[in-house]
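Visitor: My questions will all concern the structure given below.
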Amino acid sequence: MTDESVGKVIAMINRALETPVDDLSANSRVLEIAGFDSLAMERLAAELGDARGGEINPLAFAQVETVRDLADLLEAESRTAN
């Protein structure tokens, strides 16, 4: 996981929420982010898929807990897509 990947995921979360969250970090727990609901989760999954160039593995996506996990997933999925 790189700082760049974490930054991309944080930007994606902010877009999914349609409002900026100032205090997100790699250790932020996704389901504890204020306003993060099922609609935001769907938006985030779609954006992660777009960034990867295809769908994100739903089983792997369901297991993420932190922003770091999302960044790791994005990197892993991107590697397998290429």
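The values are calculated or read from the model by the stated rules, or taken from the named source; none is laboratory data. Quantities reported herein were computed from a predicted structural model and do not represent experimental measurements. All Cβ positions, even for glycine, are placed from backbone atoms using ideal geometry, and neighbour counts span all protein chains on display. SASA here: full protein model, heavy atoms, side chains in, ligands and nucleic acids out. Shrake-Rupley method; radii C 1.70, N 1.55, O 1.52, S 1.80 Å.
Visitor: Starting from the Cα of Asn27, step 7 Å along the direction of its Cβ; do the same at Arg15; then give the gap between the two resulting points in nm.
Guide: Roughly 2.8 nm, to one decimal.
Visitor: Okay, moving on. Run the helix sum for the chain: -39,500 (n - 2.57) per DSSP H stretch of 4+ residues, divided by residue count, reported at 222 nm to the nearest 500 deg cm²/dmol.
Guide: -19000 deg cm²/dmol
Visitor: Another question, then. Hey, any idea what % of the range 3-81's accessible area is carbon plus sulfur with a 1.4 Å probe?
Guide: The C+S portion of the solvent-accessible surface of the range 3-81 is 49 percent.
Visitor: Using only the Cα atoms of the chain, what do you get for the radius of gyration and for Dmax, in Å?
Guide: Answer for the chain, Rg first and Dmax second: 11.4, 34 Å.
Visitor: In the Gaussian network model of the chain, springs joining C-alpha atoms below 10 Å, which of Asp37, Asp23, Asp69 carries the largest mean-square fluctuation?
Guide: Residue with maximal mean-square fluctuation among Asp37, Asp23, Asp69: Asp23.
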